[in-house]
Amino acid sequence: MMDPVEACRLYFKTILTEAGPGMKVLLMDKETIGIVSLSFSQSDMLQKEVYLFEQISGNSGKEPAKYLKCIVFLRPLKEYVDLLCNELRSPRFGSYYIYFSNVLPKAWLKLLAECDEQELVKEVQEIYADFYPIDNVLFSLNLNEPILGLEWGQLTLQRTISGIISFLLATKKNPVIRYQGSSNLARKLAENISDYIVREHQLFDFKQSDLPLLLIVDRRSDPVTPLLNQWTYQAMVHELLAIKNNRVSLVNCPGVSKEQQEVIMSPVYDEFYCNKMYANFGQIGQDIKNLMDDFQEKAKSHQKVESIGDMKAFVENYPQFKKLSGTVSKHVTVVGELSRLVAQHNLLEVSELEQDLAAQDGHSSALNRVRRLITNDKLRHIDALRLVLLYALRYERHPSNDVSGLVETLRHQGVPDHYPGLVSLMLEYASLTRGHAFQTKDVVKMTERFFRGLKGVENVFTQHSPVLKESLENIIKGRPEENYAYLKTEYPFGVRPQDIIVFIIGGVTYEESLVAYQMNKTYPGTRVVIGGTTVHNTENFLADLQTAMRGVNRSKRGRSGARNI
């Protein structure tokens, strides 16, 4: 099973069942709260008799509740183990069922046993749910700014290893590992994961019908995709409104009622969103109208309560009717806000130019269009910046490029002080993926991979195709994919992976999760799941960029970008 959400749901169904009947409290840490909320709704929990939710902390001053069973779900970190020890020394609840989201060191297990003087602990288990399940093809580690100065921090490296190992154990995969050959970050992560699997080989003793693949990618191999405005529903909501653990804040949106100031966009509990999250924005408008028509028909039938049978039907159908009412209201509000932002900030014209920069060629026309558009007062500063970034990435080596002139125009437009400096940072960031290994013709080839378009695409807003798509097609079809090195084991000649887990260091995008979804539909028998240190929109990608490049000695490269990563 290669479904991040379902893998976590199965774990949580099991632990809630193992505690048996009776009123329960769920004790979590700040990370596992998010992991649980993405997999199980509060109504699901209530059906399992979980009536209280707490974040673990010092329990001084809290009233005991011996009638409650306590289900504990924590990440295996020393700070949480210490807090749990304090809880067990002065227990507030009648019994404890303890679950850790990853492998627990034996010394800490012994420490917990010593603290359980009243012998109230009934269960201690490891369940492998140490990642955030976004949907059935996407997971994240919610690690913002994981790379500092193009180096792994020890804590972020360890968290990334733990998250990937957890996903492998949850889905029972012992994979062949390939990594971005030009990236030291990818190589280091690949080696650490491989070493862990060898060291804990008994955990990975699975019966596998085929050899799954773990493909480790460096975000620097494709800096273009996170810079583009998006036009599929899920990706567009994240780009313009931001999705955090499937929650969207509408607090700053005009005309939104108090009840709608935060909405949940979950494919698990929202059938409309599940079916339409990959639909393009033009189609969503018609789909919303159809949803409203369906709601209005049901509303009319609810008005006709004339007999006992009508009353019975009303009572039976009311929960579904109320749920549909909430769904209609939510999506009308969200789509209305997206439409407002598109019109107010001229995003159709912005996005058309972005896509042309990413997928078409023609320097003179592109430069004139960028110059004109970034001086349009309707544009958001971030949209003006992204146009200049895309132009710079595409035409940095063009003899007539005017990157410096466009940067100066940004300054005149009053953009935030740090925006102009991001242009040179981005060029540095992108050049590092080329490295010593690439000759001039190979640099051109790499740049073309950044800006690969789709043949025969009619929609001007979907011309661009992420680099990952071509790489996955090569792997699935058994074609050479020279950008990824094998770590130790290679596939036997003629053998192709059926299960592919992609992990992107530096963050994944919803456009790339759409690629995974499309691959699964296009190639029956192949299953692609994608994860990343975080899920990017342009704003947090640029924040990651600044941290990743902080302290990097830029004198180590010339304009040709000769530095290995």
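Among residues of the stretch 14-47 being surrounded by fewer than 15 Cβ atoms within 10 Å (Cβ to Cβ) and of a type in the set (A, V, I, L, M), the one that is modelled with the lowest pLDDT is 46.
If we scan the stretch 489-499, do we find a residue that is within 22 Å of residue 242 (Cβ to Cβ) and not in a strand (DSSP E or B)? The answer is no; no qualifying residue exists. If you check 193, 161 for being under 21 Å from the mean Cα position of the chain (by Cα) and closer than 19 Å to residue 499 by Cα, only one passes: 193. Does residue 340 satisfy the criteria of being in a helix (DSSP H, G or I), of a type outside the set (Val, Ile, Thr) and either at pLDDT 95 or above or closer than 26 Å to residue 224 by Cβ (or both)? Answer is no for this residue.
Residue 525 passes every criterion in (1) open to solvent by 10 Å² or more (accessible area, probe 1.4 Å); (2) closer than 23 Å to residue 388 by Cβ; (3) more than 11 Å from the chain's Cα centre (by Cα) apart from (2).
If I ask for residues that are at pLDDT below 90 and open to solvent by less than 80 Å² (accessible area, probe 1.4 Å), which ones from the stretch 48-60 would you list? Once the filter is applied, which keeps residues that are at pLDDT below 90 and open to solvent by less than 80 Å² (accessible area, probe 1.4 Å), the stretch 48-60 yields 57, 58, 59. Between 386, 371, 397, the distinction of being at pLDDT 95 or above, over 25 Å from residue 149 (Cβ atoms) and surrounded by 13 or more Cβ atoms within 10 Å (Cβ to Cβ) belongs to 371 only.
For residue 330, indicate whether it is open to solvent by less than 40 Å² (accessible area, probe 1.4 Å), basic (Lys, Arg) and modelled with pLDDT under 95. The answer is yes for residue 330. Restricted to strands (runs of 3 or more DSSP E) entirely inside the stretch 102-219, those with at least 3 residues that are hydrophobic (A, V, I, L, M, F, W, C) and either modelled with pLDDT of 95 or more or open to solvent by 10 Å² or more (accessible area, probe 1.4 Å) (or both) are 213-218. If you go through the stretch 65-93 and keep only what is outside any strand (DSSP E or B) and open to solvent by 80 Å² or more (accessible area, probe 1.4 Å), you end up with 78, 79, 89.
Note on the stretch 220-246: among residues that are open to solvent by less than 10 Å² (accessible area, probe 1.4 Å) and among the β-branched types (Val, Ile, Thr), the one that is farthest from residue 33 (Cα to Cα) is 224.
Quick one: in the stretch 16-53, which of the residues that are among the acidic types (Asp, Glu) and under 25 Å from the mean Cα position of the chain (by Cα) is nearest to residue 97 (Cα to Cα)? Once the filter is applied, the top-ranked residue is 29.
This table checks each residue for (1) open to solvent by 10 Å² or more (accessible area, probe 1.4 Å); (2) over 12 Å from the mean Cα position of the chain (by Cα).
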{"residue": "478", "(1), (2)": "yes, yes"}
{"residue": "484", "(1), (2)": "yes, yes"}
{"residue": "488", "(1), (2)": "yes, yes"}
{"residue": "492", "(1), (2)": "yes, yes"}
{"residue": "499", "(1), (2)": "yes, yes"}
{"residue": "507", "(1), (2)": "no, no"}
{"residue": "514", "(1), (2)": "yes, no"}
{"residue": "529", "(1), (2)": "no, no"}
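Confirm whether residue 269 is crowded, with 18+ Cβ neighbours inside 10 Å and of a type in the set (Phe, Trp, Tyr). No.
The values are calculated or read from the model by the stated rules, or taken from the named source; none is laboratory data. Keep in mind the model is a prediction, meaning the values are calculated, not measured. Note that each Cβ is placed from the backbone with ideal geometry, even for glycine, and that neighbours are counted across all protein chains shown. Just so you know, the surface numbers come from the protein's heavy atoms only, side chains and all, with ligands and any DNA or RNA stripped out. Shrake-Rupley method; radii C 1.70, N 1.55, O 1.52, S 1.80 Å.
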